[in-house]
Each structure stands twice: as C-alpha cells, then as structure tokens.
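Below: one structure, written as structure tokens.
The values are calculated or read from the model by the stated rules, or taken from the named source; none is laboratory data. The model shown is predicted, which means the values in this text are computed figures rather than measured ones. Quick reminder, even Gly has a Cβ in these numbers, built from the backbone with ideal geometry, and neighbours come from all protein chains shown. Note: accessible area is taken over every heavy atom of the protein model, side chains too, but ligands, DNA and RNA are not part of it. Shrake-Rupley method; radii C 1.70, N 1.55, O 1.52, S 1.80 Å.
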Amino acid sequence: MKKFISVLLCVCIIGASCVVMSYAKTNVSGEISDLPVIMVAGYASTSLYKINPDGSSEHAWGIDINEILSLVLERIVDVGRGLGALTLGNAKILADTVGQGFVDLYGDLALNPDGTSVEEIHRYASTAAQANVANIKKEHPDGDDIIIHERDIIKEIEEYVADENIFIFQMDWRMGQLSCAKQLDEFVDSVLEYTGRDKVNIYAVSHGGQTTATYLALYGNKNKVNNAVLTIPAIGGAGIAYDLMVNNVRLDEDDLIRFIEHGTMTEADFEWLVKAQQLGFIDNLCEALVPYLQKVLGYWGSIWDFIPSDKYEETKSLLLDSAESAKLIEECDKFHYQVLPSLGEKFAECRANGTHISILAGTGNRIVTGLNENSDGIITVACSTGATVAPFGTRFADGYTQINPCGGKYKVSPSMDIDASTAFLPDNTWFVEDFYHGMTLWDYYTIDLAMTLLLTDRIEDVYSDPDYPQFRYSSNPSNTVYADFNTSNPGFVDGSASKLIVTNVNRKHSASISAITCSGADLEFNLNPLKVLKPGESIEVPFSGSIPAENKKEINITVFFNTATITPSNYRTFGFTVMNGDDAEYGGGYVAADPVTPFDELFPSFLTRPLAKLGLLDFFRMIFNIVFYWANRIF
C-alpha cells in the first residue's frame, strides 16, 4: 500500500508541472534595441519531419499529446499491468511498455554509428522568412507551436520588440555542436539579409546556449552579434547525459520535487511528503527504461557533446567503437578538445570586437538524476560557466583565496562554493542560487536581468547596476522567503549591518517568521512572531551580537517560516560571506556547507539515523531548532 500511495503522490505532483502559471510583465529600463532578435531554444525544441522513400513527408519529432494518448490507449492493458507491478517493486513490465512505445514513436530519429542520420530528416524552417514570428503567425495560425519555441519567453520579448523582428532558429539538435553552430551561422546571415541590418541580438536557452557559445567560438570573428544572452547554458555539457549514457540514473526525489515546485511556482512544499514516502524504487523504472532510450539516441552527436569533458573519455571507451564511429568521434573530439578549451579566449575576442556576451546560471542544487555536483538541477555550474566549484554539499574553507586575481575584484560566492575567477566570463556571469534549469520566467530578478541584457546596452558587466549583483539568491515563490542584511552588497555582510531584511516572495500566501538562527557568528535576532507578511511584504529584524572581525568567513542564517499550505512549516538557509577585517586563516580544502544546528550538536548520529531512514530527520530538526530558539529567547 505504501508504494501504491507513493506512485499516486509522484504522479500527482509531476502532473502539476503541466499547470501554466502567470507572471508579471518584465521591468526593463534603458533604451530598447531595434536589432533583430534570434531565439536559440533549448534541447529538442525544434520540430522535425521525415521524407519517405515515395517523397511524402511525416512528422518525426514534436510532442503530440494526441499521438501519445492514442498509443497509451492501444496498450492500456500493458500499462495497467505495469503500474500494478511497479507498486510491488517490478519495474520491467512498465519500462518495456513505455520504452518500446518511445522507440515506435521516435525510432526514425536514430543515427548511424558514424553520426549520420538513418532517415532523411528535415527542419520545418531554415530561413529567416520561414522562421519570422510574424510570418509564422500568418501562415500557421493553428499550428505555430511547431515552429515557435520558448513561447513564454517570446511573449516577454514581444512586449518590447515587434514580432516581425523576432526569429526562431531551428536546428537538427540530434547533431553535434559543430553542425548546429554552422546552421546558426547560416541562419544569422539569412536574418541579416532579410532585415537589412548588420547585427542581431541572440537569446539562448540551455542546449541553445551551448550552440551559441560554439557559434561565437567558431564564427564570432564575423562580428554579427550585438548582445548574446546565454541562460542556464549547457556550454560544457550536461551531467544528466552522462547519467543516461552509463545508466547511472538515480533520482534524487527531494531535488526532483523541488524542481517541479519551482517550475510551477507552487507555494506548498511537497518534498516533505516525498521524503516520508521514500520513492527510491522509481530508480528501478529508470534503469529498465534507459536501454530503450539508448536505441534511439545512442549515436546522437548532441548527446556526446553533452558528456562533461571529465567523463567524456570514460564514456566514449565504454560505448563507441573507434572504427565504426570514427566520424562521430572526430567531430566530438574537436568540440571537447578544441572548442571548449578556447572559449574564454574566444569570448574575450568577441567582447573586444563589440559583442556583449552574458551568462545567467543557476546554482545550489543537485542534478535530479543523481550526479552529485552543484548545478541548476540539470547542468552543473562548472559546465554552465567554467567556474571552479566545490563538490556538492561542501564549500571552500574560510580564508579561501580565488585562483585568478581579476584585478582585485572578489569573485567567490557568498556561500563560498563557487570561484568565478576561472569562469569563461568572470565579469559577465551572474550566479543565482536556488535557480533551477529553465525557470528564468518564474523569478522577477532573473527575467528582468535577462531581458535587460538582451534588449539594452545599459549593463556592461556585473558591476554596472547594484540591482543586478554577480551573486544572488532566487526569489522564486516556491522559496517563500528571501533574506539579506541591510548592507550594499547582497550576500556579503560587514560591521555596518544592523538588521536582517526578510521578504515574503510568495505571490498568493501570507507568511509569518517563526524563528531566525545563525551559525558561524553569535547573532540573536529580535523577532516579532505575531507579524504576518503579506505577499511581497518585507520586515526588518534587528539583531544583537557582533559581526566577526574577519574577511572571507562564511556564516549561515536560517529563516523558519509558516504559511497556510499543505505543509505549513519550513525553512530556508542563506550563506553570507563576512568582509569585516583581515583575511581569515585558510586551513585548505573543503568543509561541510550545511550549518551545524543545536539539534545536530545535541543529538548523536545513532539517534538521528532512524529518522533519516524514515525521511523525517529534517522535520524533527526544524521543530527542535524552532523550540530551542524560543527557549533561549524566553529563558
């Protein structure tokens, strides 16, 4: 029964990800550019069609719900058997049914071992005229979803740019980046010829960020791009591809559900329920399903370019034959060993020639399929940005000195887990903690920043506007609260701080703060627990105690809160770097990132281990720490 409840819970929460959320119009300040805008969308966004031997054509890729439902109905008995078996721990029946269905639907997309297409596959639009948003709406009023990708972001751009000046780049995303970048180069030329302009602006998402980065490395010297904004880019690959290719998919249910919560801007915290239900058995389903996926995508160049460089040779030796896949290997080797190592240099050349390149990355999350690295849930921070990153769950020790001096500019994140001095673009990369992959729209900060970078020339680098610092925490409503000291640089704190400003970032629910604790400094927050914060409202919380007289020392502030949702109590921890004196002595290496709480100090591991096994450890830790806070205040 427990596993049956778990299946239903997971299906219900994942189903919620289909809900379309509303958000406010972006706030872009500065003179709006009149240059054409090219959207380079995320992975598998481009719809594809197949030419049959008789000359007829048929749709080959693009999620068609009716087609999927029809296939499910045809196999409803097998699906039912599979779901029943899954609740008893047998994943094979459902995996065989779903996996074979995937192969039947999309097998035409397979590539040969050398990376060439088995079938004749084409894009629906390859020229500027075909991919112009105004033309698409006229010619395909009922089917423009086939060509218009990242529709919600396009709507935001349309608030400032006429649709006849917006273009949707389509690529055969199965192919490697050398091919995709060449297609983008040809498309940029087509747009310039169509519009009569000499430059374009590019907005790139995820895999589109990798394509745009490769395009700039190979063709950027043509100087045809004004602004290139790469959001949550898979520049150096995607850990999820490695997990898939080596069948190492081990879902992190907590992060998976938080990922879904952020995507739907859910203000309830379902991860508590998932922890209690222990959904690890779903890993068995993924493991049984992967071989079917590999039948279709095993030789896609894009998948091989997604393999992070530190795992590329290992994966290649396991899965590719050096003779039959020689052509595929040659192209992927060039991407990994020539293009990627040159990106910092190539980006600098582009910027010197007038191309503004900006990167917006998410941090602070595990990859949902199991790779234990700091990421936006899909792409590691190192792959997105080129930065040096501490192993997930750790940070650099106090006193850490960044690798590159960067002209004296401090480039270590407030949580002290990211050294941006080694990034592809140290002065033009923004890091947002708790910002998940593909969710730029769901956070006012990220969408405002992205649109400002795309449509204006107002922001030269991370120091141009104090409203857009290099490091920041996400204010997605799913986080409920946002906190910062009343100092000028978010995430950093010095002796001038006297208050903590806590904001309710929910858009529907009020919130009350039940406790605020500090680890790493002796600070006591004088909280009014009766104060209820309406959506968007802030409260200033004074504190007693003193900020440590050190530089490069991290402290953690944990804000406990209550909301009228299915899980009314929760907490959020913020890391702050103290910059208030001489540098702290550096002990070397990494230390644990999570703060040590009174609960951790008082309860030994042999007592907490059973709670962790039941998924209840965080809940009991939270309740104890709230009670401990008030006991100290009262007594």
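Pull up the DSSP beta bridges for region 340-448 and report the antiparallel fraction as a percent, rounded to 5.
Of those bridges, close to 45 percent are antiparallel.
I need the phi-derived Karplus couplings for region 177-187: 6.51 cos²θ - 1.76 cosθ + 1.60, θ = phi - 60°, integer Hz, Gly and Pro marked x.
Those phi angles translate into 5, 4, 6, 5, 5, 5, 4, 5, 4, 5, 6 Hz.
For the pairs LYS182/LYS327; LYS199/LYS346; LYS531/LYS613, note any where the Cα-Cα span goes beyond 26 Å.
Numbers: LYS182/LYS327 17 Å; LYS199/LYS346 18 Å; LYS531/LYS613 36 Å.
Result: LYS531/LYS613 exceed 26 Å.
Determine the per residue accessible area of region 169-217 with all protein chains present and a 1.4 angstrom probe, expressed in square angstrom.
23 Å²
Leaving ligands, DNA and RNA out of it, report the carbon-plus-sulfur percent of the accessible area of region 578-622 at a 1.4 Å probe.
Carbon plus sulfur share of accessible area: 61 percent.
Could you pull out every residue, at least 5 positions away or on a different chain, whose amide H is within less than 5 Å of the one on ILE357? Hs are placed 1.01 Å off N in the peptide plane, and Pro or chain starts have none.
Counting only residues 5 or more places away or on other chains, the set is ALA228.
Arrange the peptides 218-226, 32-40, 167-175 so that the one whose residues have, on average, the most other Cβ atoms within 10 Å appears first.
Result, highest mean Cβ count within 10 Å first: 167-175, 32-40, 218-226.
Between the alpha-carbon centers of region 375-425 and region 550-591, tell me the distance in whole angstrom.
17 Å
Rank-order 469-475, 320-326, 107-113 by packing density, defined as the average count of other C-beta atoms within 10 Å over each peptide's residues, highest first. Provide the component values of the computation, followed by the final result.
Values: 469-475: 22.7, 320-326: 13.1, 107-113: 17.7.
Highest to lowest by the protection proxy: 469-475, 107-113, 320-326.
Taking a probe of 1.4 Å, how large is the accessible area per residue of region 375-519, in Å²?
Here the residues of region 375-519 average 28 Å² of exposed surface.
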